Amino acid sequence: MNTLMTGNEAIARGAYEYGISIAAAYPGTPSTEILENIAKYPEVYSQWSPNEKVAAEVAVGAAIAGARSLVAMKMVGVNVAADPLFTAAYTGTRAGLVLISADDPGMHSSQNEQDNRYYAAFAKIPLLEPSDSQECKDMVGLALAISEEFDTPVMLRITTRVAHSQSMVELKDPGERPLKAYEKDARKYVMLPAHGRARRLVVAEREKKLAEYAESVSVNRMEMSDPAIGIITAGISYQYVKEGAPGASILKLGLTNPLPEQLIRDFAAKVGRLYVVEELEPYMENQIRAMGIEVTGKELFPPYGELSARLVREKLTGDPGPAVDAPFEAPIRPPVMCPGCPHRPVFYTLKQLKLVVSGDIGCYTLGTAAPLEAMDTCICMGASVSGALGMEKAHPELAEKMVAVIGDSTFMHSGVTGLMDIVYNGGNTTVMILDNSITAMTGHQENPATGKTLMGQPAPKVDFVALVKALGVKRVSEVDPFELEELKQVIKTEVAAKEPSVIITRRPCALIIKNTEKPLEVHDCTGCKMCLKLGCPALSFDEANKTAVVDAALCTGCGVCMEVCKFNALRKAGEA
Amino acid sequence: MSGVTNILLVGVGGQGTILASKILCYAALDQGYQVKMSEIHGMAQRGGSVVTQVRMGDQVFSPVIDPGEADMIVAFEQLEAYRWTHFLKPGGVLIVNDQKIVPLPVLIGAAAYPGSVLADLEQKVSRFVALPALNLATEAGNSKSTNVVLMGALARFMNFPQEVWQKALEEKIPAKLLEVNRRAFEAGYNWQA
Ligand SMILES: Cc1ncc(C[n+]2csc(CCOP(=O)(O)OP(=O)(O)O)c2C)c(N)n1
């Protein structure tokens, strides 16, 4: 049977067909749907881990124990998981292990644009790059075969356009799910220096064998056509080349670490002018040039952003294609906190109190935008907490006008160690954990504090109060963010305290509850526009009649604007 | 690339562009085309702009439509039509739901919603259709069927047989909502200014 699938769905299908037993991940765009789809195959055990390092270690452990395993993450997740990855590359694994890195050229939903192909070369592991959904599925099988034949983890690197585009996939029946017996082998799996030195030589030997293998593997292939132009390409760029330079000869590489040197030489000898078309860094180009082969690449194509068929056509033929009119000027439509979002009153209050806000990543990062504008920094997951300690050490007086703000999932991902550091090293910073009972930003995944697993089983919930107390924080308060006055008082008190403190705001995400509140109504508005400072999509202002307007279809009746209004102009429907 | 039809569906998170694209893809596959579909849905649920790209033909490579290459654009909202019109080919078809959804920068007074969207578009695009898809859906029995009204309007410009669209609706819409959506589709198909 054939069906349309996204790259992520196809990878999940590959996990099912090619005998993966254990899959783990931490969510992150554009990788999240891989595990969400694997969870639809009950034959495969799947789980959300608290972060990517943990997920990778679960997969490494499972593979060492003898089960085919998969771990998936967005590209910045590989930074978090790099530690186990680099050493698992030395130990190898008993059963196949695939690490999916979902890169995001163009930064559709990421904080940087790192090109993770370098990680594969750095860790000395094979790298596969699919260019459509069928290849996504097939390459899960190939990755497992390479992993088991060469005793190494394999990276399967996709990009947003591969992950989130649908194309045809041929479905097959699943093969067996092999489980090898566990055997102790300390020389291979205990990486003390002495064992590590021995394994380092094994890795060097493996690299040689893989280089030979890369010459003949079927995913590295020439598509000869006009010999005047030869293009070496991989991943989604292959599609842009096929469309933008239809007559050219192509060397399509599916296995891009190690590169097949002889194949590249043969191809170069067959064509007139040689190009490399690759998104982001000159990863292949630099290696090809180091082989002494003359090649054109980043002189023509930018090392940032996405490529396109149009760009390939323009750069290789000089003809960009149809002329494009200037777009109309349209005001931007940024994503915003939803009506009824429990994060809104927090950022409204932080702005009112004019606090420095050491921020983090999640839906609450939307508190950066106007009109809330209440975030000063956002670097990576967890950095709110530890970064605040650094700010406080640089400027001790900052401690009394600063908070660190972090979501529940992000706190468990990498905020806990930062808070431990604040306590240990005598910080005074106040940390606010915005507990909306879900991992909202990436589309509502369960986490260790929600009481449910990815496979739908009930689970114990992390007790944030007990946890932070155990770290040594003595001042812990819990507050409902919809109680605006109380929230403000608690923040003022805790920020002033000369010891570390934690405020946990508790209110579920507006999108995961069944709302029973009635929308608000406007009566006798004075036109002061205070309520507009909340930046709620359900509130606007009618300039002609000088009155606030509530969009009843959007309003959830959360009542935060009622508290902000000094003139009692906003009321629950039916109430005086 | 000749022989490939490019259709862009643009709107606001929550307007049902994804279901619409599923109906369209199903119909295209049924017609024997190769189909690729790409969507950027970063934070669709948070009310941002959403774009779904559908490409169909004998052989489709890139899943992405470049500016100036869309044969048809279906805009689920006026401002989104404005934002994406430069993706249309000369002679391409622009179908616009006349609904306005005001973005936050406009709500808080930091930007203005352009005043003459439909007039500007009509002047620029010769094959232009604006229709009250939300009203038509409400009349058909469910305001949530706005997306299906728009697929009906699109169907007029495509050479797929009626049965193919009907089959696509049956496949992609839950049985209990099918009748309403059939009416919504028809309302879009038959709409005339
Ligand atoms: C290392 C890393 N992994 C994953 C992500 C993607 N990501 C960003 S924030 C986030 C979770 C946000 O959840 P939470 O902290 O609960 O905040 P909420 O969105 O619910 O407000 C995820 C998965 C990332 N940016 N970096």
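Candidate cross-link partners of A:K180 among the lysines, defined by an alpha-carbon separation under 23 Å and a same-chain spacing of 8 or more, comprise A:K188. Both numbers refer to the Cα atoms of chain B; Rg and Dmax are 15.8, 49 Å.
Computing FRET efficiency as 1/(1 + (r/R0)^6) for A:I513 and B:N142, where r is the C-beta to C-beta distance and R0 is 25 Å, gives about 0.60.
Beta bridges per DSSP, both residues in chain B: antiparallel share near 55 percent.
In a DSSP loop and with at most 15 other Cβ atoms within 10 Å, there are no chymotrypsin sites (Phe, Trp or Tyr not before Pro) in the range A:199-281.
Pull out a ≥ b ≥ c, the square roots of the eigenvalues of the alpha-carbon gyration tensor of the range A:520-572, then state rounded if a/c is under 1.5, prolate if not and a/b is larger than b/c, and oblate in the remaining case. It is rounded, given that a/c, with a ≥ b ≥ c, falls under 1.5. Mean residue ellipticity at 222 nm, helices only, chain B: -11000 deg cm²/dmol; runs of at least 4 DSSP H residues each add -39,500 (n - 2.57), and the sum is divided by the number of residues. For the range A:344-506, taking the reciprocal of the average inverse distance between every pair of different Cα atoms yields a Kirkwood hydrodynamic radius of 15.6 Å. Charging the Cβ of each Asp and Glu at -1 and of each Lys and Arg at +1, and nothing else, the dipole of the protein assembly as shown about its Cα centre rounds to 1020 debye. The three principal axes of the Cα atoms in the range B:58-133 give end-to-end lengths of 47, 24, 21 Å, sorted in falling order. Pairs from the list A:K53/A:K252; A:K351/A:K529; A:K514/A:K572; A:K172/B:K167; A:K514/B:K176 with a Cα-Cα gap above 24 Å: A:K53/A:K252; A:K172/B:K167. Annotation note: trypsin sites (Lys or Arg not before Pro) in the range B:108-193 located in DSSP loop regions with a Cβ neighbour count of at most 14 within 10 Å are B:R156.
Counting Cβ atoms of other protein chains within 10 Å of each residue's Cβ and taking the mean over peptide B:47-59 gives 2. As a proxy for reagent exposure, ranking A:S109, A:S414, A:S49 by other Cβ atoms within 10 Å from fewest up yields A:S109, A:S414, A:S49. Of the chymotrypsin sites (Phe, Trp or Tyr not before Pro) found in the range A:54-154, none is in coil by DSSP with at most 10 other Cβ atoms within 10 Å of its Cβ. Averaged over peptide B:103-116, the number of partner chain Cβ atoms lying within 10 Å of each residue's Cβ comes to 6. The mean number of partner chain beta-carbon atoms within 10 angstrom of a residue's beta-carbon across peptide A:323-329 is 6. If you sort the three axes of the alpha carbon gyration tensor as a ≥ b ≥ c, you get a/c of 1.5 or more for the protein assembly as shown and a/b no higher than b/c, which makes it oblate.
Put in order of Cβ neighbour count within 10 Å, fewest first, the listed residues A:M391, A:M1 become A:M1, A:M391.
Straight-line cross-link reach from B:K100 at under 16 Å between alpha-carbon atoms covers these lysines, not counting any fewer than eight positions away in the same chain: B:K144.
Arranged from fewest to most other beta-carbon atoms within 10 Å of their beta carbon, B:W165, B:W191 become B:W191, B:W165.
Each value in this text was obtained by applying a stated rule to the coordinates, not by laboratory testing. All values derive from a computational prediction rather than experimental measurement. As a convention, Cβ positions derive from the backbone with ideal geometry for all residues, glycine included, and neighbour counts pool all protein chains shown.
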